[in-house]
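Input: a single structure, listed below in structure tokens.
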Amino acid sequence: MFELFTSMMKEEWRVHSTMFGSLSFALFPVMIFGIAFMGSFLIPLMQVTLPAGNLTLIVHANYLMLGIMVGGFGLLGNEVMNRRFGQASLLAYSARSLPLSEQFIFSNFVVKDTVYYFFLWVLPFGFGYIAASPFVGIPLARALLLLLTLTLSFLFGLCGVFFLSTVYARSRPALWSILLILGVGWGGLTTVTGTNPVLFFPPLLLNSAFTWANLFISCVVLALLFGVAIVLFNPESVGSEKMYKDSFTPLMRRLSFLPNPPFNAKDTLDLYRSGSLIGQTIFSFLLPLGVIWFFLALLGPFFPPHGLLFIFAITTGVIASTMYTWVTMFDTFGPYACLPVAVSTLIGSKITTFAILQVLPAIFIAAVAILSGEVVYLVPAVVLGISVSFYAVSVMAWLCGLSPNVLVYDVKVLFVYLVLVGIVLTVFTSVAFADPYFALSSVILAIPTWLLVQKAKVRWDAADPAGF
Amino acid sequence: MAIVLETKDLTKKYGDVIAVDNVSLSVEKGGLFGLLGPNGSGKTTMIKMLTGQTRPTGGSATVLGLDVVQDPVGVRGHVGIIPEQETPPSFLTAMEYLRFVAAVRKIPDIEPKAEWWFDFLDFADKKNVLCKDLSRGTRQKLMFTQAFIHEPALALIDEPLINFDPIMQDVVKDYLAGYVKKGRTIFISTHILEVAEEICSGFAILHKGTLLYTGPVAELAGRNEHLPSFFLSLVRKDRHV
Ligand SMILES: Nc1ncnc2c1ncn2[C@@H]1O[C@H](COP(=O)(O)OP(=O)(O)OP(=O)(O)O)[C@@H](O)[C@H]1O
Ligand SMILES: [Mg+2]
């Protein structure tokens, strides 16, 4: 029984290591370790302006987000599974010919992914902090506790979204009901107690005061969410062989003002018909941003006036840039290879579709500006968020071409990405903190964005079209 | 006779594996040229290089006078291709996919052409079904259609018959035979030797990436030899070297 799991682990390792070399892939956690190790030395410096509790809060929020972003397993129908690496040859698919239940194969797949993410992101970060703890005078016990609570935080995000996404795949009304109940409960808790419910987040509670009872309860909740999600998971989309009338032609006509209307029309239909447009918007956009909002709100007092809005706009921009992965996940270059299409044309058209999707973050930032009573800064906030998003996507396109989901695990790629995006984030956060209207200057990012997209096109046209 | 496809010392290495090894080949206009060889002999790799889907690591190739490395998009614009594995995009219907192909290839008047193909390959009842819900054979019909709907001067097709039932195989064989009578060329990879003997005018045999033989099918008939036995003896001999 355990064989399927170990084979899947090996497969995942080979998929990545054959793509950019075992060393490069193996170095990935080493880099995360290094970042955490070095970052730990900044803690004493940061504590001057930011109380220690808030730093813990930020790190937990990051790991919760990471869990949320990778937890949407329920959205993985057969189609995405098949196309994930452009072939149906992965075990998650081919194991169906073995006398094993779908549920069993799928739970192995999910656990395998979770373990991988854990070893790639969570564990190395925790170790980096532990390794640095003697130098910065943090007791080892605290560092170990942090590793535990970060892991829990990550798992809460992952299991929570895993559960919600399988509910979504089964029944939309059920998801809406659950979200409504959660929302009302959350809002009620906030008004009744007058405190931010984030403070009741189990990993944070554990971190400030460890109790076995609390740990036990956390584990039970996680196991419940995970178990129910596995039971609810349904690999087949219901009602197959539906007839559709031609929506492609009218859509293409409506998009005829764009440079490559057939491709944009195809992308749109992919997103819409696969259910990804709504699914991804909820699980990869609204949900993580909603969560981060509550965490950031706690830090409000430490930012300059209006700082929160702009921090939020930038965060939204970074998350919105991952919409590029929504439009690239359905196809590799393979299916286009029998047509007179260059990789550069495809990259260009994917970015165009991405640009259309940017309506979502624009509306979202605007709504936040209005709701937080800072309508005067609506324009600079939206401009900042969208500029950051476009800039980040151009970096992604340059580094990863049409395969951002896969290539992010290449250390060199991730490193360059973090540096290029990190610099811009730092600069424009400071600029916006100096004066909200200065945020408008982020339009200047259009220049590097444009240059990077051109470089991306040249680079990926020259590369041998990869099969993933 | 004009040459539509020519390779010179064409080579493709995947790391240590030499998939195609110094192959020099030329194909004349008008006729069905069969690329034959056992599994893993490099047929698919040849077709991929000839259509700019992967880059040769050595040598050169021209297709319809265009260099496959310099102008892969130009090459693909003039030929029709059936890849070995690819299937049509999941979330378009069969009809929508043909409209997509027409838009990319700038084929005018797609509607009647598509209808003709739906009838001809007998899948009109599936034209509004999403490609992901089509059977393997029906997807292959669709891939066949997209390769020929613009009536290219040259079509490169990789194992096109493999998923078709016997009736459909006959329909397709007849179509291919008729297609080349109009002066067009088809480059087909297959290991169904009987079919190759029946419909091909010229052929080449690849084994472990090297070209063992190339010549017209008629030459064999002149020597009173049959393609299947010729192929087997040649490949077996090479295996013992
Ligand atoms: N992407 C790749 N990476 C590494 N090796 C490859 C790759 N593609 C093909 N090969 C190798 O190249 C050789 C030729 O493969 P190819 O697919 O061209 O054979 P084929 O003649 O089409 O076989 P078949 O009749 O089974 O379709 C094989 O040894 C194969 O293992
Ligand atoms: Mg082949």
Item to check | Candidate set from segment A:173-191 (those that are open to solvent by 50 Å² or more (accessible area, probe 1.4 Å) and modelled with pLDDT of 85 or more); member that is farthest from A:ALA61 (Cα to Cα) | outcome: A:PRO173
Checklist entry - If you take the residues of segment B:104-128 that are of a type in the set (A, V, I, L, M) and either out of contact with any helix residue (DSSP H, G or I) (no Cβ under 6 Å at 6 or more places or on another chain) or at the interface with chain A (Cβ under 9 Å from one of its Cβ atoms) (or both), which of them is nearest to ligand 2 (Cβ to nearest atom)? => result B:VAL104
Checklist outcome for this item: Picking from B:GLY183, B:GLY202, B:GLY215, B:GLY209, the residue that is within 16 Å of ligand 1 (Cβ to nearest atom) and under 21 Å from B:LEU25 (Cβ atoms) would be B:GLY209
Checklist entry - Just a yes or no: is a residue in segment A:223-239 within 14 Å of chain B (Cβ to nearest Cβ), open to solvent by 40 Å² or more (accessible area, probe 1.4 Å) and more than 29 Å from the chain's Cα centre (by Cα)? => result yes
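Kindly provide the set of residues from segment B:21-55 that are away from chain A (no Cβ under 14 Å), within 9 Å of ligand 1 (Cβ to nearest atom) and surrounded by 18 or more Cβ atoms within 10 Å (Cβ to Cβ), ordered by number.
Hits for segment B:21-55 are B:LEU35, B:GLY37, B:SER41, B:GLY42, B:LYS43, B:MET46.
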Next on the checklist: I'm trying to understand the selection: among the residues of segment B:61-98, which are open to solvent by less than 20 Å² (accessible area, probe 1.4 Å), more than 28 Å from A:SER247 (Cα to Cα) and touching a helix residue (DSSP H, G or I) at 6+ places or on another chain (Cβ under 7 Å)?
Outcome noted: B:ALA61, B:VAL63, B:VAL68
Checklist outcome for this item: Requiring at least 3 residues that are away from chain B (no Cβ under 14 Å), the helices (runs of 4 or more DSSP H) wholly within segment A:248-354 are A:287-299, A:307-321, A:323-328
Checklist entry - Among the residues of segment A:349-360, how many are in contact (Cβ under 8 Å) with a residue 40 or more places away in the chain and surrounded by 20 or more Cβ atoms within 10 Å (Cβ to Cβ)? => result 4
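If I ask for residues that are within 16 Å of ligand 1 (Cβ to nearest atom) and either within 14 Å of another protein chain (Cβ to nearest Cβ) or out of contact with any strand residue (DSSP E or B) (no Cβ under 9 Å at 6 or more places or on another chain) (or both), which ones from segment B:229-241 would you list?
B:LEU232
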Item to check | Qualifying residues in segment B:10-20 (those that are open to solvent by 50 Å² or more (accessible area, probe 1.4 Å) and not hydrophobic (A, V, I, L, M, F, W, C)) - the one nearest to ligand 1 (Cβ to nearest atom) | outcome: B:TYR14
Item to check | Enumeration of residues in segment B:162-187 that are within 16 Å of ligand 2 (Cβ to nearest atom) and touching a strand residue (DSSP E or B) at 6+ places or on another chain (Cβ under 7 Å) | outcome: B:PHE187
Checklist outcome for this item: Among the residues of segment B:67-81, the number that are outside any helix (DSSP H, G or I) and at the interface with another protein chain (Cβ under 7 Å from one of its Cβ atoms) is 1
Item to check | Index of the failed condition, B:VAL101 passing every other in (1) more than 7 Å from chain A (Cβ to nearest Cβ); (2) open to solvent by less than 50 Å² (accessible area, probe 1.4 Å); (3) touching a residue at least 24 places away in the same chain (Cβ under 8 Å) | outcome: (1)
Item to check | Residue check, B:LYS132 buried (at least 18 other Cβ atoms within 10 Å of the Cβ) and either in contact with a Cys (Cβ under 8 Å, 6 or more places away or on another chain) or within 12 Å of chain A (Cβ to nearest Cβ) (or both) | outcome: yes
Checklist entry - Could you count how many residues in segment B:148-161 are within 16 Å of ligand 2 (Cβ to nearest atom) and out of contact with any Pro (no Cβ under 7 Å at 6 or more places or on another chain)? => result 5
Next on the checklist: Can you confirm whether A:SER256 is under 30 Å from B:ASP109 (Cβ atoms), open to solvent by 40 Å² or more (accessible area, probe 1.4 Å) and of a type in the set (Gly, Ala, Ser)?
Outcome noted: yes
Next on the checklist: For the list (1) more than 13 Å from ligand 2 (Cβ to nearest atom); (2) touching a helix residue (DSSP H, G or I) at 6+ places or on another chain (Cβ under 6 Å); (3) on the phi < 0 side of the Ramachandran plot; (4) open to solvent by less than 30 Å² (accessible area, probe 1.4 Å), I need the number of the one condition that B:GLY58 fails.
Outcome noted: (2)
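The values are calculated or read from the model by the stated rules, or taken from the named source; none is laboratory data. Computed from a predicted model, the values in this text were never measured in an experiment. Heads up, the Cβs are rebuilt from the backbone with ideal geometry, glycines too, and the neighbour counts pull from every protein chain shown. When the accessible area is computed, the model is the full protein with side chains, heavy atoms only, and any ligands, DNA or RNA have been set aside. Shrake-Rupley method; radii C 1.70, N 1.55, O 1.52, S 1.80 Å.
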